[in-house]
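The structure appears below as structure tokens.
The values are calculated or read from the model by the stated rules, or taken from the named source; none is laboratory data. What you see is a predicted model; the values in this text were computed from it and never measured. Note: ideal-geometry Cβ built from the backbone for every residue, glycine included; neighbour counts use all protein chains shown. In case anyone asks, the SASA skips ligands and DNA or RNA and just uses the protein heavy atoms, side chains included. Shrake-Rupley method; radii C 1.70, N 1.55, O 1.52, S 1.80 Å.
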Amino acid sequence: MYDEILTQLIIKNDTKALLLVADGIGGTTVGGRTELEAARTPNLDTLAKKSSLGLQYPVGYGITPGSGPGHLALFGYDPIKNQIGRGILEALGSGMVVKKGDLAVRGNFATLIDGKIADRRANRISSEESEKLVRQIRENATDIDGVRFDIKVARDYRFAVVFHDPELKDNIEDADPQHTGVPPRPAKARDKESERAAEIINRFIDKVTEILEGQMPANTCLVRGAANTPDIVPFEDRFGMKPQGIAVYPMYKGLARLVGMDTPPGLETYEQEIERLKETWADYDFHFLHFKYTDSAGEDGDFDRKVAMIEEFDSGLPEILKIEPDVLVITGDHSTPSSLKSHSWHPVPILINGRFAFQDDAGRFTEREAANHGILGHIPGMAIMMYILANCERLRKFGA
Ligand code: ZN
């Protein structure tokens, strides 16, 4: 947001900000109330009374965001201008490192019989079985025609591949016939610049098919979602704050790394995330901490468990608040109402706390309180980073 003037406005100082993201925390009413309204959240309530509240739209009105665009917006990047392709997202979710100039694809192990695709998912083999196949591929090939690649199991029969060659461009039709009983379909370039990448992908498929020959049910692969690493200005260059991203799951660590955040390894619980936050508070200007379980419960359509997860998120706040951030923001990367069992377009409540934040009349951190009493009103997700900077006194006056 405000790309044209941002660099001239940024000031550096000693303030520190914390962005707490409870994934999919927003919802919609079921029998008149949302999960946030049904939850007992004494700590969020206390904070809400001392903060500015509002509702934010991660991507735009009516748009249901994936977690990728949702987080990019929270990190202050336009999620429409900085689109993250499927291949990149799969690679990040598998815990792979992607660098500028890489090309990533998603793959499926598949079954080929008499020259035709008999099963697009190789009988849905398990992650363990895929692990063995991936090892076999790694042992037999490290490059395709001189292009180095990494391959990793994503989940079950799915994997991700990252090709390291800046010459490979991603305007490519999927190498996936989408149907069974038809021959494999090679990747096809949609423009001249992508021809080399299509060729490398097709050679990769041939190589995998050669290595897995005679095995069943997985003896070939389909490849989709070719995508280059988006060209993103690093967070510290853009906002002048040294950032850390604290998350348990690879996808969110990957998204944080994509914008140049340091991401500590080896965290498995919310408690460990909070511990890490406290230990490293002094080392960074900006901390992002991700809480996953609100989204998982919403996706499962489990209202009561989502309520319980919101309460768990709430119970970590007293420990977190001991670090006394200059500016604290609490929000989600999108809503995940349990009634929809999926992400949704509903706006997400947001709370901004800090010395200069207006104390409005919102008494709780809920969608309704944010809408009825929140001074922030309805804002684009990308605006959050601007408000963080402003509340940190890190934005100078615009114009004389
Ligand atoms: Zn999410």
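Some values worked out for this structure:
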| read-out | value |
| --- | --- |
| Peptides 119-132, 299-312 ordered by average Cβ neighbours within 10 Å, highest first | 299-312, 119-132 |
| Distance from segment 4-29 to segment 330-355 (C-alpha centre basis), Å | 15 Å |
| Rounded to 5, the percent of DSSP beta bridges in the chain classed as antiparallel | 65 percent |
| Per residue solvent-accessible surface (Å²) - segment 182-261, probe of 1.4 Å | 43 Å² |
| Heavy-atom accessible surface of the chain: percent carbon and sulfur, 1.4 Å | 47 percent |
| Farthest positive-ward along the chain dipole, Cα basis, beta-carbon charges - from Ile137, Val248, Pro183 | Pro183 |
| Unit charges on C-beta of K, R, D, E only; dipole of segment 89-228, Debye | 320 debye |
| Dipole of segment 89-228 [Lys/Arg +1, Asp/Glu -1 at C-beta], most positive-end residue of Ile201, Pro166, Leu92 | Leu92 |
| GNM flexibility winner over the chain from Asp237, Asp285, Asp314 (Cα, springs under 10 Å) | Asp237 |
| Span-rule helices in the chain, defined as complete DSSP H runs reaching 30 Å or more along the axis (Cα) with Kyte mean at least 1.6 | none |
| Average Cα contact separation per residue, segment 34-185, under 8 Å, 6 or more apart, as relative contact order % | 22 percent |
| The chain: relative contact order in percent, alpha carbon pairs under 8 Å with at least 6 residues between | 33 percent |
| Order by protection proxy (mean Cβ within 10 Å, highest first), peptides 352-362, 253-263 | 253-263, 352-362 |
| Where trypsin sites (Lys or Arg not before Pro) fall in DSSP loop in segment 23-88, at most 14 other Cβ within 10 Å | Arg40, Lys50, Lys81 |
| Segment 189-274: C-alpha gyration tensor shape, a/c 1.5 cut-off, then a/b vs b/c | oblate |
| Cα-centre dipole for the chain with unit charges at Cβ (Lys and Arg positive, Asp and Glu negative), debye to 20 | 440 debye |
| Computed magnitude of the charge dipole of segment 211-363 (debye, nearest 20; Cβ of K, R +1, Cβ of D, E -1) | 440 debye |
| Cα gyration tensor shape of segment 253-400, rounded if a/c is under 1.5, else prolate or oblate by comparing a/b with b/c | oblate |
| Area of Thr34 that stays accessible when all protein chains are in place (1.4 Å probe, Å², to 10) | 10 Å² |
| Part-to-part distance (alpha-carbon centres) for segment 54-116 and segment 155-176, which is given in Å | 13 Å |
| Over 31 Å between alpha carbons, listed pairs Lys169/Lys207; Lys99/Lys207; Lys12/Lys152; Lys49/Lys306; Lys306/Lys397 | Lys12/Lys152; Lys306/Lys397 |
